[in-house]
Amino acid sequence: MDKAAYHKRWDQLEQMQREYSNLPESGVENIVALHKMLINTFREFVIACYCDHWRDAYRGAALPLDSDRDVLIVRAIKAHHWTPGIASSLSNYDLSLSLIDELATFKMTEMAVHVSYMNLQALPKGEYQSLIQPHE
């Protein structure tokens, strides 16, 4: 994935988080709410990059994994030996929690790391570095 695609993915996730947090797209914002929104966007970005990685890894499989949810279900089945019905019954949040060990150690591509650093500049330096460094 190229830089523009990572930026587009980040922007989509950030917009969703802004809407969820009721934050405006620009202007003066509550700094605490802004920081929380950026951290949540980064977490969703890591999950999206994780799903992209596994979607590429499974590209040769007979069944296409069209959505991030499909990837999370397949990975949860693999990690926990669940049936597809059990994994499918969980929310994306629950699926992500079930994969916490994989997500915590997942290494993003260099470009994804770069986009993360660029988009987290509103956070204190130590905070955004501690978020990103495990994924470098």
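The values are calculated or read from the model by the stated rules, or taken from the named source; none is laboratory data. Please read all numbers here as calculations on a predicted model, not as lab measurements. Positions of Cβ are generated from backbone atoms using ideal geometry, with glycine treated the same way; all protein chains shown enter the neighbour counts.
A few notes on this one:
- For region 4-26, filtering for residues that are under 11 Å from residue 37 (Cβ atoms), touching a helix residue (DSSP H, G or I) at 6+ places or on another chain (Cβ under 6 Å) and hydroxyl-bearing (Ser, Thr, Tyr) leaves 1.
- The residues on offer are 48, 62, and the sole one that is among the aliphatic types (A, V, I, L, M), more than 23 Å from residue 124 (Cα to Cα) and modelled with pLDDT under 95 is 62.
- Sub-9 Å Cβ pairs linking a first residue in region 33-45 that is in a helix (DSSP H, G or I) to a second residue that is among the β-branched types (Val, Ile, Thr) and at pLDDT 95 or above, at least 6 apart or interchain, are 42/132; 45/115, ordered by first then second residue.
- Residue match in region 18-38 (condition: closer than 14 Å to residue 135 by Cβ and surrounded by fewer than 16 Cβ atoms within 10 Å (Cβ to Cβ)): no
- Filtered residue count, region 119-136, keeping only those that are touching a residue at least 60 places away in the same chain (Cβ under 8 Å) and farther than 15 Å from residue 37 by Cα: 2
- The set of residues in region 98-127 being in contact with a Ser or Thr (Cβ under 9 Å, 6 or more places away or on another chain), within 25 Å of residue 74 (Cβ to Cβ) and in a helix (DSSP H, G or I) consists of 103 alone.
- Of all the criteria given as (1) in contact with a helix residue (DSSP H, G or I) (Cβ under 8 Å, 6 or more places away or on another chain); (2) in a helix (DSSP H, G or I), the one not satisfied by residue 1 is (2).
- Cβ separations smaller than 6 Å between residues 6+ apart or across chains give the following pairs from region 53-65 residues that are over 18 Å from residue 109 (Cβ atoms) to residues that are part of a helix (DSSP H, G or I): 65/55; 65/71.
- Within region 46-73, the residues that satisfy the criterion of being assigned to a helix (DSSP H, G or I) and touching a Phe, Trp or Tyr at 6+ places or on another chain (Cβ under 7 Å) are 46, 50, 71.
- Residue list for region 39-62, restricted to those being of a type in the set (Lys, Arg) and either crowded, with 17+ Cβ neighbours inside 10 Å or under 15 Å from residue 100 (Cα atoms) (or both): 43, 55
- Of the numbered criteria (1) among the aliphatic types (A, V, I, L, M); (2) part of a loop (DSSP other than H, G, I, E, B); (3) farther than 25 Å from residue 130 by Cβ, the one residue 76 fails is (2).
- Residues located in region 82-126, provided they are within 14 Å of the chain's Cα centre (by Cα), among the polar types (S, T, N, Q) and surrounded by 11 or more Cβ atoms within 10 Å (Cβ to Cβ): 92, 96, 109, 116, 119
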